[in-house]
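Here the structure comes first, spelled out in structure tokens, and everything after it is commentary.
The values are calculated or read from the model by the stated rules, or taken from the named source; none is laboratory data. In this text the structure is predicted, and so the values were computed from the model without any measurement. In this analysis, Cβ positions are derived from the backbone assuming ideal geometry, glycine residues included, and neighbour counts consider all displayed protein chains. Keep in mind that these areas ignore ligands, DNA and RNA; they rest on the heavy atoms of the full protein, side chains included. Shrake-Rupley method; radii C 1.70, N 1.55, O 1.52, S 1.80 Å.
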Amino acid sequence: MAAVDGEFNQGTGKLEFSLDVPFPSSREATIALRSLSPDKEPRRGGISKQLTVSGSMLSVRWSADEARILRVSVNSFLDHLSLVVETMEMFGPPVPQ
């Protein structure tokens, strides 16, 4: 997992944080994306999260008004990501379709 240092975007006035999570295959990265995408942020304003997959890399980008909101969202995401990875490890690699 690679995290880019949090940054303050002068143009938008928001805090930004990026996280890249490598998976063994693009199929596993896509499974993780689909498992994590339905989780919307509980607040309507103040934060946005974008998930994408490129090859076997899951990338997540956050943009938030406040450090506290960003921290809560990232921590929650990491908890969910941990559950997804543990579940995939218990069931083994996905069967090709």
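Points worth noting:
- Any pair with Cβ under 7 angstrom, 6 or more apart, that starts in segment 14-40 at a residue that is farther than 19 Å from VAL72 by Cβ and open to solvent by 40 Å² or more (accessible area, probe 1.4 Å) and ends at one that is at pLDDT 95 or above and assigned to a loop (DSSP other than H, G, I, E, B): PRO22/SER56; PRO24/SER56; SER26/GLY55; SER26/SER56
- Listed conditions (1) closer than 15 Å to PHE23 by Cβ; (2) surrounded by 14 or more Cβ atoms within 10 Å (Cβ to Cβ) are all met by PRO93, apart from (2).
- Selection status of ARG43, modelled with pLDDT under 95 and in a loop (DSSP other than H, G, I, E, B): yes
- Unmet criterion (only one of (1) in contact (Cβ under 8 Å) with a residue 24 or more places away in the chain; (2) in a strand (DSSP E or B)) for MET88: (2)
- Here segment 46-62 is the region considered, the condition is being among the small types (Gly, Ala, Ser) and at pLDDT 95 or above, and the residue that is least open to solvent (accessible area, probe 1.4 Å) is SER59.
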